[in-house]
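First up is the structure itself, then whatever we jot down about it.
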Amino acid sequence: MTLFNLSALASALIAVLALSLALVAYRMLKGPGYADRIVALDMLTAVVVSLSALTSLATGRSAFLDVGLGAALINFASTCAFAAFVERKRGGR
């Protein structure tokens, strides 16, 4: 018998991350500039990766880890694309 019920703990942490997801989504939609929105999108993806890992822990299905890995790879590619866009817009300084 374990000290914690990992499924219940994961469910509680999912509820906390859902609040974080809502706040980050608000910042992404109402951000004052494009850079703020991209940073919020980066944070949103990090929260989604965390949610998929916790969902995998709560359900015992490893397919959710693949979803998190895919989201992280897409996030990396989009961050690199945004950095290249900003670099070209500034004139290559």
(message) Tell me yes or no: at least one residue of segment 13-32 is of a type in the set (D, E, K, R), closer than 21 Å to A83 by Cα and touching a residue at least 24 places away in the same chain (Cβ under 8 Å).
(response) no
(message) Residues to consider are V86, V49; find the one that is within 14 Å of the chain's Cα centre (by Cα), on the phi < 0 side of the Ramachandran plot and part of a helix (DSSP H, G or I).
(response) V49
(message) Could you go through segment 33-42 and let me know if any residue there is assigned to a loop (DSSP other than H, G, I, E, B) and either at negative phi or in contact with an Asp or Glu (Cβ under 9 Å, 6 or more places away or on another chain) (or both).
(response) yes
(message) Would you confirm whether or not segment 18-32 contains a residue that is surrounded by 15 or more Cβ atoms within 10 Å (Cβ to Cβ) and assigned to a loop (DSSP other than H, G, I, E, B)?
(response) yes
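Only the coordinates and a few stated rules stand behind these numbers; no lab work does. Quantities reported herein were computed from a predicted structural model and do not represent experimental measurements. Cβ atoms come from the backbone with ideal geometry, glycine included; neighbour counts cover every protein chain shown.
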